[in-house]
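These notes are about the structure you will find just below.
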Amino acid sequence: DGGITQSPKYLFRKEGQNVTLSCEQNLNHDAMYWYRQDPGQGLRLIYYSQIVNDFQKGDIAEGYSVSREKKESFPLTVTSAQKNPTAFYLCASRTGGGNTIYFGEGSWLTVV
Amino acid sequence: DAKTTQPNSMESNEEEPVHLPCNHSTISGTDYIHWYRQLPSQGPEYVIHGLTSNVNNRMASLAIAEDRKSSTLILHRATLRDAAVYYCILSTQYNNNDMRFGAGTRLTVKP
């Protein structure tokens, strides 16, 4: 089935460690997105990529990094520079402008 | 910043219609109006979208103002399963632009 797969679903990290969240899509979509969601809050855009080997910062990019080496993959690294990384992270993708955006099931990151 | 404004929360009774408003006064001619909803601990799911004309699908209806500066998502008969956060966003027609979501409207459905 086509869709977006995020892994892991739940992740615990010690302070000072980097962690990478995986996002893979088989929808042949050009654009991919990473959002952060804190409890009871809306979605905030971290990074987005319109094509392979290109990406742009969203509203809260500090402390995060991404890569887009393949069309299907858009991993997000939460670095130790991110002061408060505990949150729900959502990956999304969509095809040409104006069309529907599809979301993965999300990854819960907890810093312990 | 999100380019849309929505009320933080709304309540509805089960089996009654619900009208969820959204203001987008800076909308451009190529912006589509999209609605998504998010159930707890899940990613948002697509509800409906439109450009100028009103739209209907199996989930909801979208009423777009003549000047396109506002729109309303209509759930014809709310069910308990419709309790969710509803997001209204704008999407440019031609580019894979940044997709910014606001805080959305939290809909509570009372039995």
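The values are calculated or read from the model by the stated rules, or taken from the named source; none is laboratory data. As the structure is a prediction and not an experimental result, all values here were calculated from the model. All Cβ positions, even for glycine, are placed from backbone atoms using ideal geometry, and neighbour counts span all protein chains on display.
I'm trying to understand the selection: among the residues of the stretch A:66-83, which are surrounded by fewer than 17 Cβ atoms within 10 Å (Cβ to Cβ) and either on the phi > 0 side of the Ramachandran plot or free of Cβ contacts under 8 Å to residues at least 24 places away in the same chain (or both)? Residues satisfying the conditions are A:67, A:69, A:70, A:81, A:83.
Residue B:81 passes every criterion in (1) surrounded by fewer than 16 Cβ atoms within 10 Å (Cβ to Cβ); (2) within 30 Å of residue A:23 (Cα to Cα); (3) within 14 Å of chain A (Cβ to nearest Cβ) apart from (3). Within the stretch A:36-47, residues that are under 17 Å from residue B:41 (Cβ atoms) and free of Cβ contacts under 8 Å to residues at least 12 places away in the same chain have Cβ atoms under 6 Å from residues that are among the small types (Gly, Ala, Ser) and outside any strand (DSSP E or B) in these pairs: A:42/B:102; A:42/B:103; A:42/B:104, counting only partners at least 6 apart in sequence or on another chain.
Can you find a residue in the stretch A:55-65 that is loosely packed, with under 12 Cβ neighbours inside 10 Å and modelled with pLDDT under 95? No, because not a single residue in the stretch A:55-65 is loosely packed, with under 12 Cβ neighbours inside 10 Å and modelled with pLDDT under 95.
Would the stretch B:29-40 turn up any residue that is modelled with pLDDT under 90, exposed (fewer than 12 other Cβ atoms within 10 Å of the Cβ) and touching a Lys or Arg at 6+ places or on another chain (Cβ under 9 Å)? Yes, because at least one residue in the stretch B:29-40 is modelled with pLDDT under 90, exposed (fewer than 12 other Cβ atoms within 10 Å of the Cβ) and touching a Lys or Arg at 6+ places or on another chain (Cβ under 9 Å). Residue A:89 passes every criterion in (1) within 8 Å of chain B (Cβ to nearest Cβ); (2) aromatic (Phe, Trp, Tyr); (3) in contact with a Leu (Cβ under 8 Å, 6 or more places away or on another chain) apart from (1). Here residue A:95 does not fit the description of being surrounded by fewer than 18 Cβ atoms within 10 Å (Cβ to Cβ) and away from chain B (no Cβ under 12 Å).
Taking the stretch B:3-18, which residues are surrounded by fewer than 21 Cβ atoms within 10 Å (Cβ to Cβ) and within 18 Å of residue B:102 (Cβ to Cβ)? Passing the criteria: B:3, B:5, B:7, B:8, B:9, B:10. No other residue among B:25, B:71 is farther than 23 Å from residue A:36 by Cα, buried (at least 17 other Cβ atoms within 10 Å of the Cβ) and more than 13 Å from every other protein chain (Cβ to nearest Cβ) apart from B:71.
The residues of the stretch B:93-111 that are surrounded by fewer than 16 Cβ atoms within 10 Å (Cβ to Cβ) and either within 11 Å of chain A (Cβ to nearest Cβ) or free of Cβ contacts under 8 Å to residues at least 60 places away in the same chain (or both), listed by number, are B:93, B:94, B:95.
Taking the stated definitions as given, is residue A:6 surrounded by 15 or more Cβ atoms within 10 Å (Cβ to Cβ), modelled with pLDDT under 95, within 27 Å of residue B:102 (Cβ to Cβ) and in contact with a strand residue (DSSP E or B) (Cβ under 7 Å, 6 or more places away or on another chain)? The answer is no for residue A:6.
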